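First comes the structure, then the notes that go with it.
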Amino acid sequence: MALNEKEEKIIDLIRDNPFISQKELSEKIGLSRSAVANMISGLVKKGHLLGKAYVINENRPIVCIGGANLDTRYIVKDQLRFELTNEVDTRYSVGGVARNIAENLGRLEEDVQLFSIVGNDMAGHLIKSSSKEVVDLREIEVIENQKTGSFIEVLDQDENVVMGMADVEIYNQLTTTWVIKHIETIKRAKFIVVDTNCPKETTEYLMYLAKEKGIQMIIVTASIQKVFQLPDDLSDVVIYSKNNEIEAYLDQPVQTDEELKQAAQSFVDKGVEAIIIAKDSEKTVYACQDKMKIYHNPFGKNKTYEWGTNEAMCAAVIHYQLKGEDIETSIRAGLLNGYYTAQEKCIVRPNLSVKRLQMDLEKYEASK
């Protein structure tokens, strides 16, 4: 909810004098001390003030909105046999596109808040406790009588995906009404990163907020099925996607360099600020109104299954853009972060840090 005139006056007075008393505030704005106390309590709850010291929260976090799942992957140990029992290596991880991007950003020492919903179950409690040392998880809402989102994949012994299953009905509750409950924090963001687990109308509303407040809006596609939740009007947003998702969206092949460029151009024609389409960790096309370029992974294509590489790419690019680096350096850092994430066979590589990623980039630059 927007601040009313009296609340804005209180914020202005505290900004001018952080040590002002409630008595002085009541005299200056013409309200009783009890009314001022109630308004200050409300401003604390809304996040505009931090605690009893009336410290104004001028912080502008990166806000990530969307999926927070429990991921399970079953890797068959021997030849896959249908209609029979297969021995598997089971791997669990907290996941979800928005959550993965948030953790990457947190490990890169960015101030990041995750907005999502989970059920009141074991998976939800695990998500709320995981990565809390690097990500602000206070805006994750627990929904009663709902299951936390889950994603299951079955891979053969060569780690090729045989089948994927997603139980993500809970994300239908990421509505505009839900966004409005968190609107004061979202409006203070320096970036809004949304994945397509959010319903289309929710993303459209967030785009409206971003344009109104001058915040850069980034949309990251979550799957082939969810790519169709992209808004019809994509003007002024940045999009991160994968070639197979864009293939489904455009109903055309997106494999070769030329096909990647053609696909990117179709989004530029729709008015996007920029689009990045990754073909695994092998190569990425970047396109905007005045630039189109294919970037190849300096180490070639990963031979391992690529978990979380697009989220790693997105976070590294945002991090280096915030550092003031050019798009060339930013995308190269993104490719490297995606590559090393896949080598770890983790959704987010556990050794990721500002220093580690900079060392990766310097190592690559020195090898050229």
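Overview of results
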item: Members of segment 166-205 found to be β-branched (Val, Ile, Thr), open to solvent by less than 60 Å² (accessible area, probe 1.4 Å) and over 22 Å from Asn104 (Cβ atoms), listed by number; result: Ile170, Thr175, Thr176, Val179, Ile183, Thr202
item: Positions within segment 206-228 being open to solvent by 50 Å² or more (accessible area, probe 1.4 Å), in a helix (DSSP H, G or I) and in contact (Cβ under 8 Å) with a residue 12 or more places away in the chain, in sequence order; result: Lys211, Lys213, Phe228
item: Residue among Val238, Val285 that alone is closer than 16 Å to Ile331 by Cα, of a type in the set (Val, Ile, Thr) and open to solvent by 10 Å² or more (accessible area, probe 1.4 Å); result: Val238
item: Residue list for segment 240-293, filter: under 16 Å from Glu311 (Cα atoms) and either of a type in the set (S, T, N, Q) or touching a Leu at 6+ places or on another chain (Cβ under 7 Å) (or both); result: Ser241, Asn243, Asn244, Ile277, Lys279, Ser281, Thr284, Val285
item: Residue within segment 67-86 that is free of Cβ contacts under 8 Å to residues at least 60 places away in the same chain and touching a strand residue (DSSP E or B) at 6+ places or on another chain (Cβ under 7 Å) present; result: yes
item: Residues satisfying the stated conditions in segment 332-368, i.e. in contact (Cβ under 8 Å) with a residue 12 or more places away in the chain, surrounded by fewer than 21 Cβ atoms within 10 Å (Cβ to Cβ) and hydrophobic (A, V, I, L, M, F, W, C); result: Cys346, Val354, Leu361
item: Residue count for segment 127-165, restricted to those that are under 21 Å from Ala222 (Cα atoms), open to solvent by 70 Å² or more (accessible area, probe 1.4 Å) and out of contact with any Asp or Glu (no Cβ under 9 Å at 6 or more places or on another chain); result: 2
item: Residues within segment 116-137 that are modelled with pLDDT under 95, over 24 Å from Gln321 (Cβ atoms), among the polar types (S, T, N, Q) and part of a loop (DSSP other than H, G, I, E, B), tallied; result: 1
item: Single condition Ser21 does not satisfy, out of (1) at pLDDT 85 or above; (2) more than 30 Å from Gly149 (Cα to Cα); result: (1)
item: Answer from Gln157, Gln146, Gln113 - the residue that is polar (S, T, N, Q) and in a strand (DSSP E or B); result: Gln113
item: Every residue from segment 250-299 that is in a helix (DSSP H, G or I), within 25 Å of the chain's Cα centre (by Cα) and closer than 26 Å to Thr341 by Cβ; result: Leu260, Lys261, Ala263, Ala264, Phe267
item: Condition met for Leu31 (surrounded by 16 or more Cβ atoms within 10 Å (Cβ to Cβ), free of Cβ contacts under 8 Å to residues at least 60 places away in the same chain and out of contact with any Cys (no Cβ under 8 Å at 6 or more places or on another chain)); result: yes
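The values are calculated or read from the model by the stated rules, or taken from the named source; none is laboratory data. Remember, it's a predicted structure, so these values are computed and weren't measured experimentally. Quick reminder, even Gly has a Cβ in these numbers, built from the backbone with ideal geometry, and neighbours come from all protein chains shown. Surface accessibility is based on the protein's heavy atoms, side chains included, excluding ligands, DNA and RNA. Shrake-Rupley method; radii C 1.70, N 1.55, O 1.52, S 1.80 Å.
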